[in-house]
Amino acid sequence: MAQEIERKYLLTGDQWKSLAEGTHYRQGYLSTVKERTVRVRTIGEEGYLTIKGITVGISRLEFEYEIPTSDANELLDE
């Protein structure tokens, strides 16, 4: 179990582009009810199942589990 605090930053200029590397992400949501969000995602050749709880203030509980990529792809193809 972990606490997640979502932070966003706005960058100015293009200097960061020369340092950036690309990674293929694929994701979908299995549930998006108020109390929780369940997401499946592939990042390159790895698969993940993530469960996020309700946001309280600026944080929420987050559980993330690595799953077989074939399982993640099957869920995303449904």
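Quick check on region 17-56: of everything there that is surrounded by 13 or more Cβ atoms within 10 Å (Cβ to Cβ) and basic (Lys, Arg), which residue is farthest from Asp71 (Cα to Cα)?
Only one residue fits best here, namely Arg36.
Any residue in region 57-68 that is surrounded by 14 or more Cβ atoms within 10 Å (Cβ to Cβ) sitting within a Cβ distance under 7 Å of a residue that is in a loop (DSSP other than H, G, I, E, B)? List the pairs, counting only those 6 or more apart or interchain.
Arg60/Ile54; Leu61/Met1; Phe63/Met1
Laboratory data are not the source of any read-out in this text; all were calculated from the coordinates shown. The structure presented is a predicted model; accordingly, all values stated were derived computationally and were not measured. So basically every Cβ, Gly included, is an ideal-geometry build from the backbone, and we count neighbours across all protein chains shown.
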